[in-house]
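First the structure, in the form of structure tokens, and then the observations on it.
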Amino acid sequence: MTKRLSWTIAALLGLGALGAPGVAAASSHREAPAISRDPAADNTDLYAWVQGQNLVIIAAYNPLEEPAGGPNFYAFSDDVLYEVHIARGPDSLEDAVTYQIRFTTTPAPYHDPAIVDPTPAGGNEFFSQIAGAVQRYTVTKIENGVSSVILTDAPVAPPNIGPRTNQIAYGLTAAGYPAHSTSSAHLKLLMNGEGRAWAGPRDDGFYVDLGHTFDLAGLCPAMAPPNPPCTARNHLAGFNVHAIALEIPLSKANAAPVVPGPSDAQTLGIWASASRRKVQVLRAGGKHDGFGPWVQVSRVGLPLINETVIGLQDKDKYNRTHPRDDLVNFGAYILNPILVRDAEFAGFYGAGQPLEAFAGNLDALKENRTDIIDLINLTPAALGGHAITSVGDVLRIDLGMTSGFPNGRPILPGTLTEQSDVTDVALTLILTGTIGTAVGDGISANDALFMTSMPYLPTPWEGASQGHFKP
């Protein structure tokens, strides 16, 4: 089960046994009890990389969207504050720049059903795409305490419902949705030269065998014994997410001009979050109002952290806390990976089992994994030899270096893959303390090609003819 490893991971081979669960940026779908019941606010993935003279950031939400999930198709929540946070330099995880994204849905106009009117879009149609509701968004940038609106009332790309909707409701040709969803109608310039933004549904770009992974990591085929032979499946294939994509000029992302080569000063720490008002009051007709301060309910930096590093009893706490407090709140989880102990309980290190060769190193795998902090802070020479002192779940990226995970998290435009097969890398690092393919989920590619331009994630699957169904 050989898989392509990125140049960064290949470079790390020379560093010896690393065992770092914190460096694997994978999925964060339904990873905590509370957020699993609030999908519109659930961060799934965060990507960030340097593309030419821009920093690309993609924050995805709302996991496992069934493309045919109508008549009320998936959307961003008008009640959620979506944010992208950027810390600058080696010493602080406080926001240097924050991008706040708010959504507003204009309801369809009311139409008295007693009045017979053959004109569509009267407001009480069965089909939401005819009824006329529109979702738009505003982007606000906060830097040095100064808040400025840099995009107003930009339309969200619509759901990919089917060819009849394309023709009748959207006014497109039957095959026109892909180009329409990423056209200038939805890909918008930000004010003051701040870059570009896009928001809407996309194919879920993460690929993993979720079913066997969550069956006590009974992966196919590496972890098959003592289970019967099994077939690996990408359980995210055919599902969509909702994504926010930002393309930010390097001159705006950094506090000073970016120069080639590694530098602590031009290294960023990026994370994304979702928040709701502290108090919600239910109103008649299913409506509600929010009051009080915003309360964070989800976050993601290195996405695998909460899913596989933090213990179940602290996953909700993790989602509501700030990365600056991670070392105090969750340092024990990072230094003493619980996944190793769980794998030991499941018998993976026993005689005749796939990880038997690593059984003699169990004590070292369980405790005092200080190498994890070095890797997420890009300390090794192969990652730039940085001297970063702040520690937390943020995606580090040195703007002067070629982006290569864990220095950012790039996708490879025009291909089916991210830069690294992060699931295999993560599981191998956590469970064996080495880098390679000793442990893998058998899935090595996405189910759709990544785009070569904004918003980079593939076209969302169509509800009418694609997604999850059987003839």
> Quick one: in segment 455-466, which of the residues that are in contact with a helix residue (DSSP H, G or I) (Cβ under 8 Å, 6 or more places away or on another chain) and either without any contact (Cβ under 8 Å) to a residue 12 or more places away in the chain or buried (at least 18 other Cβ atoms within 10 Å of the Cβ) (or both) is farthest from GLY70 (Cα to Cα)?
Replying inline: THR459
> In this structure, is TYR349 at pLDDT 85 or above and either in a loop (DSSP other than H, G, I, E, B) or touching a Leu at 6+ places or on another chain (Cβ under 8 Å) (or both)?
Replying inline: yes
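For segment 352-379, name all the residues that are acidic (Asp, Glu) and either part of a loop (DSSP other than H, G, I, E, B) or surrounded by fewer than 17 Cβ atoms within 10 Å (Cβ to Cβ) (or both).
Passing the criteria: GLU356, ASP363, GLU367.
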>> Being assigned to a loop (DSSP other than H, G, I, E, B), buried (at least 22 other Cβ atoms within 10 Å of the Cβ) and among the β-branched types (Val, Ile, Thr): is that true of VAL391 here?
In response: no
>> If VAL50 satisfies all but one of (1) at pLDDT 95 or above; (2) part of a loop (DSSP other than H, G, I, E, B); (3) not basic (Lys, Arg), what's the number of the condition it fails?
In response: (2)
> Which of the residues spanning segment 336-352 are closer than 17 Å to THR434 by Cβ and in contact (Cβ under 8 Å) with a residue 40 or more places away in the chain?
Replying inline: PRO337, LEU339, VAL340, ALA343, PHE348
> Take the residues of segment 167-183 that are under 17 Å from VAL134 (Cβ atoms) and among the polar types (S, T, N, Q): which is surrounded by the most Cβ atoms within 10 Å (Cβ to Cβ)?
Replying inline: SER181
>> Out of everything in segment 148-165 that is under 19 Å from ASN72 (Cβ atoms) and not β-branched (Val, Ile, Thr), what residue ends up being surrounded by the fewest Cβ atoms within 10 Å (Cβ to Cβ)?
In response: ARG164
> Can you name the residue in segment 48-85 that is without any contact (Cβ under 8 Å) to a residue 60 or more places away in the chain and closer than 16 Å to GLN129 by Cα and is also surrounded by the fewest Cβ atoms within 10 Å (Cβ to Cβ) among such residues?
Replying inline: ASN72
> Could you list, in sequence order, the residues of segment 293-330 that are farther than 21 Å from ARG409 by Cα and charged (D, E, K, R)?
Replying inline: ASP314, LYS315, ASP316, LYS317, ARG320, ASP325
> What number goes with the only condition from (1) free of Cβ contacts under 8 Å to residues at least 40 places away in the same chain; (2) assigned to a helix (DSSP H, G or I) that THR452 does not pass?
Replying inline: (2)
>> Return the residues of segment 63-115 that are within 22 Å of ARG196 (Cβ to Cβ), in a strand (DSSP E or B) and of a type outside the set (A, V, I, L, M); say none if nothing qualifies.
In response: TYR82, GLU83, HIS85, ARG88, THR98, TYR99, GLN100, ARG102, PHE103, THR104
> Has segment 222-232 got at least one residue that is surrounded by 19 or more Cβ atoms within 10 Å (Cβ to Cβ) and closer than 30 Å to ALA87 by Cα?
Replying inline: no
> Do we find a residue being hydroxyl-bearing (Ser, Thr, Tyr) and part of a loop (DSSP other than H, G, I, E, B) anywhere in segment 280-303?
Replying inline: no
> Out of all the residues in segment 297-321, which are out of contact with any helix residue (DSSP H, G or I) (no Cβ under 8 Å at 6 or more places or on another chain) and either buried (at least 18 other Cβ atoms within 10 Å of the Cβ) or of a type in the set (A, V, I, L, M, F, W, C) (or both)?
Replying inline: PRO303, GLU307, LEU312
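Among the residues of segment 420-449, what is the count of those that are in a loop (DSSP other than H, G, I, E, B), polar (S, T, N, Q) and crowded, with 24+ Cβ neighbours inside 10 Å?
Here is the first cut: in segment 420-449, the residues in a loop (DSSP other than H, G, I, E, B) are 420-421, 433-449.
Narrowing the set further to residues that are polar (S, T, N, Q) leaves 420, 434, 437, 444, 446.
Imposing the further condition that a residue be crowded, with 24+ Cβ neighbours inside 10 Å reduces the set to 420.
The total comes to 1.
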> Looking at ASN407, ASN329, which one is over 22 Å from the mean Cα position of the chain (by Cα) and at pLDDT 90 or above?
Replying inline: ASN329
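For every residue, the table says whether it meets (1) hydroxyl-bearing (Ser, Thr, Tyr); (2) within 30 Å of ALA68 (Cα to Cα); (3) surrounded by fewer than 19 Cβ atoms within 10 Å (Cβ to Cβ); (4) in contact (Cβ under 8 Å) with a residue 40 or more places away in the chain.
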| position | (1), (2), (3), (4) |
| --- | --- |
| SER263 | yes, no, no, yes |
| SER273 | yes, yes, no, yes |
| VAL279 | no, no, yes, no |
| PHE291 | no, no, yes, no |
| VAL295 | no, no, yes, no |
| PRO323 | no, no, no, yes |
| ALA332 | no, no, yes, no |
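The values are calculated or read from the model by the stated rules, or taken from the named source; none is laboratory data. Note that this is a predicted model, so its numbers are computed, not measured. All Cβ positions, even for glycine, are placed from backbone atoms using ideal geometry, and neighbour counts span all protein chains on display.
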